[in-house]
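Report on one structure; see the data block that follows.
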Amino acid sequence: MRIGPWTLPNNVLVAPMAGVTDRPFRQLCKRLGAGYAVSEMAASNPRLWDSVKTSRRLNHDGEIDPISVQIAGADPAMMAEAAVFNVNKGARIIDINMGCPAKKVCNLASGSALLRHEDLIKRILDAVVEACAPLGIPVTLKTRTGWDREHKNALRVARLAEDSGIAALTLHGRTRADLYTGEAEYDTIRAVRAEIKIPLVANGDITTPEKARAVLDYTGADAVMIGRAAQGRPWIFREIDHFLRTGATLAPPTWGEMRDLLLEHLDDHYRFYGEHTGVRSARKHIGWYLEDLPGGPAFCARMNLIDDTRSQWQAVADWFDSIMRDGPQPGNGNAQTLLAA
Ligand SMILES: Cc1cc2nc3c(=O)[nH]c(=O)nc-3n(C[C@H](O)[C@H](O)[C@H](O)COP(=O)(O)O)c2cc1C
């Protein structure tokens, strides 16, 4: 899988998820086998660039290259300016978001709302590519299959992207109106593959190594991009990569490894966010890691009352230690497998 001058180590990619794929999480995913990660979306409006949130999103310290930053907006000149700003902050690839159905993005006629305005899409793509080309920075596009099921224009958008010099296209197999409901479909992704030559990434509801294989085979896409299935499960990337390369299933992580990875994730998360935000924003990650484990949800309900990072870290460590000492509670096959592994 190539994006402009970059050859990725594999074709299993991390989807950008605002509020989830921050630098600590991206770094962990890359270490656990992801070939590439796109950062959370950064606003194209310069008035927002000084906010704490945006400054954090612009922090790429220690991140494995290529650093890819996603931008969103509806004004071609502002998008071009945002792209150059992010390149100056370390981005090596710029990704344009036309896939986000979030209200605050769509209200500004950006994100997937742009799918209604193909003329504007073209102007945005041209403006960003023209701004990035002299800097040697490839531009990618992430979008959905269309505005709604009656207006699926992914084929036309894909052609516009290719003509504008977009280096790779990611397609989520849902329309904007679908939000996250129903199931992603892969027929449109397959049709787009037949239409364009640039690298194509299939996204949507890929949750297992087997499904990744099936989606790649069916669509002919060059890579898969994983979002929600990686929440609390960053090792999914090595599992998928291993299966795609060998056809064999990699053993799940042991309790001990899971404990160490979560604690390491928390350490990095606290360093990144600081005490106040760190303890609060870590709760959702801990919840995802533990949601399928025996007694995990009950522990999380108690853990959510803790408001300092030291005690939160220790509570997680103690919980894993007690499970590893006393064994899991009955009724969770997944946990039994993990313990046996
Ligand atoms: C919490 C959350 C935040 C997201 N934020 C973004 C975003 O900032 N930019 C974007 O292009 N897509 C965003 N997405 C969409 C994902 O990148 C991905 O396209 C979608 O979740 C489908 O993939 P999945 O089924 O593997 O999760 C977000 C999804 C979720 C669940």
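Taken together, the values in this text are just the output of simple stated rules run on the coordinates, not laboratory data. Computed from a predicted structure; not experimentally measured. Methodologically, a virtual Cβ is constructed for each residue, glycine included, from the backbone with ideal geometry; neighbour enumeration extends over all protein chains shown.
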Cα long-axis angle, helix 118-132 against the chain (0 to 90 degrees, to the nearest 10):
80
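Between rounded, prolate and oblate, where does segment 153-218 land on the alpha carbon gyration tensor, with a ≥ b ≥ c its root eigenvalues, rounded for a/c under 1.5, else prolate if a/b exceeds b/c? All intermediate terms of the calculation are to be shown ahead of the outcome.
Numbers: a/c = 2.24, a/b = 1.41, b/c = 1.60.
Oblate, since a/c reaches 1.5 and b/c is not below a/b.
As a check on your grasp of the helix formula, calculate [θ] at 222 nm for the chain: sum -39500 (n - 2.57) over DSSP H runs of n ≥ 4, divide by the residue count, round to the nearest 500. Please report the intermediate quantities before stating the final value.
Values: 13 runs with 159 residues, N = 341.
The helix contribution divided over the chain gives -14500 deg cm²/dmol.
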Taking segment 122-278, the whole-percent share of alpha-carbon pairs separated by over 19 angstrom is 63
Using Cα positions and a limit of under 12 Å, work out the aspartates and glutamates in reach of Lys197, with same-chain residues fewer than 8 apart set aside.
Glu162, Asp163, Asp222
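How about segment 133-225: which trypsin sites (Lys or Arg not before Pro) there are in a DSSP loop, with at most 14 other Cβ atoms within 10 Å of their Cβ? Walk me through the intermediate numbers first.
Numbers: sites: Lys142, Arg144, Arg149, Lys152, Arg156, Arg159, Arg174, Arg176, Arg190, Arg193, Lys197, Lys211, Arg213; in loops: Arg149, Lys152, Arg174, Arg176, Lys197.
Listed in order of number, the matching sites are Arg149, Lys197.
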Over the chain, how many percent of alpha carbon pairs lie in each 20 Å bin up to the one with the longest distance?
31, 56, 13, 0
Magnitude of the charge dipole, segment 167-226, Cβ model with Lys/Arg +1 and Asp/Glu -1, debye to 20
160
Which residue, Thr219, Leu200, Leu115, has the largest displacement toward the positive end of the dipole of the chain when charges sit on each Cβ (Lys, Arg +1; Asp, Glu -1)?
Leu115
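Averaging sequence separations of C-alpha pairs under 8 Å and six or more residues apart, then dividing by the length of the chain, give the relative contact order as a whole percent. Kindly include the intermediate steps, with their values, before the conclusion.
Values: 629 pairs, mean separation 47.1, N = 341.
Once normalised by length, the contact order is 14 percent.
Using the Cα centre of the chain as the reference point, and only Cβ charges (+1 on K/R, -1 on D/E), how large is the resulting charge dipole? Debye, rounded to the nearest 20. Walk me through the numbers on the way to the answer.
Details: 41 positive and 41 negative charges, 85 e Å.
Result for the chain is approximately 400 debye, rounded to the nearest 20.
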Assign unit charges at the C-beta atoms only (+1 for Lys and Arg, -1 for Asp and Glu), then state the dipole size of segment 225-277 relative to its Cα centre in Debye, rounded to the nearest 20.
260
Relative to the first principal axis of the alpha-carbon coordinates of the chain, what is the inclination of helix 76-88, with its axis defined by its Cα atoms, in degrees from 0 to 90 and to the nearest 10?
50
I need the phi-derived Karplus couplings for segment 307-322: 6.51 cos²θ - 1.76 cosθ + 1.60, θ = phi - 60°, integer Hz, Gly and Pro marked x.
10, 9, 5, 4, 5, 5, 4, 5, 4, 5, 4, 5, 5, 5, 4, 5
Report the per residue volume, in Å³, of the convex hull enclosing the C-alpha atoms of segment 166-254.
108
Restricting to DSSP loop positions (anything but H, G, I, E, B) with no more than 15 other Cβ atoms inside 10 Å of their own Cβ, which GluC sites (Glu not before Pro) remain in segment 134-215?
Glu150, Glu183
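Could you pull out the pairs from Lys30/Lys142; Lys142/Lys211; Lys142/Lys284; Lys30/Lys53; Lys89/Lys211 whose alpha carbons sit more than 28 Å apart here? List each step's numbers first, then the result.
Working: Lys30/Lys142 20 Å; Lys142/Lys211 21 Å; Lys142/Lys284 25 Å; Lys30/Lys53 22 Å; Lys89/Lys211 36 Å.
Beyond 28 Å: Lys89/Lys211.
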Say the dipole of the chain comes from +1 at the beta carbon of Lys and Arg and -1 at that of Asp and Glu; which of Leu262, Trp147, Ala83 then lies farthest toward its positive end?
Trp147
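With an 8 Å Cα cut-off and a minimum separation of 6 or more residues, compute the relative contact order for segment 213-293 in percent. Spell out each step's value before the answer.
Values: 39 pairs, mean separation 23.5, N = 81.
Across segment 213-293, relative contact order equals 29 percent.
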